[in-house]
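Below you'll find the structure, written out as structure tokens, and then a few comments.
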Amino acid sequence: MNYYYTSGYSAATIQGVAAHELGHAIGLGHAGGCVLMTAYTSTRNSCGVFGPTNDDNNGTIALY
């Protein structure tokens, strides 16, 4: 994570970005909707998603 991009973010938003990037690290790709793996931080924020949702958990289970 690059502080240059996250310096103005709230703690919750930084948590969501970190969790999203960890999702990529375990093999998850981008998904649409109010899920952790949506491509847009603004969507996660407006949905109040700062950690894995059921869809993200199901994606992880499908991979492993």
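The values are calculated or read from the model by the stated rules, or taken from the named source; none is laboratory data. Everything numeric in this text was worked out from a predicted model, so none of it was measured. Cβ coordinates were reconstructed from backbone atoms using ideal geometry, including for glycine residues, and neighbour counts include every protein chain displayed. Please note that ligands, DNA and RNA were not included when accessible areas were found on the heavy atoms of the full protein model with its side chains. Shrake-Rupley method; radii C 1.70, N 1.55, O 1.52, S 1.80 Å.
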Probe 1.4 Å, accessible area per residue of the chain, Å²: 64 Å²
Rounded to the nearest 10 degrees, the helix 11-25 long axis (Cα) sits at an angle to the longest Cα principal axis of the chain of 40 degrees
Using mean Cβ contacts within 10 Å as the protection proxy, how do 2-12, 35-45, 17-27 order, highest first? 35-45, 17-27, 2-12
Along its principal axes, what span do the Cα atoms of the chain show, with the longest given first and each in whole Å? 35, 22, 15
Could you state the angle between the C-alpha long axis of helix 54-63 and the longest principal axis of the C-alpha atoms of the chain, as a value from 0 to 90 degrees rounded to the nearest 10? 60 degrees
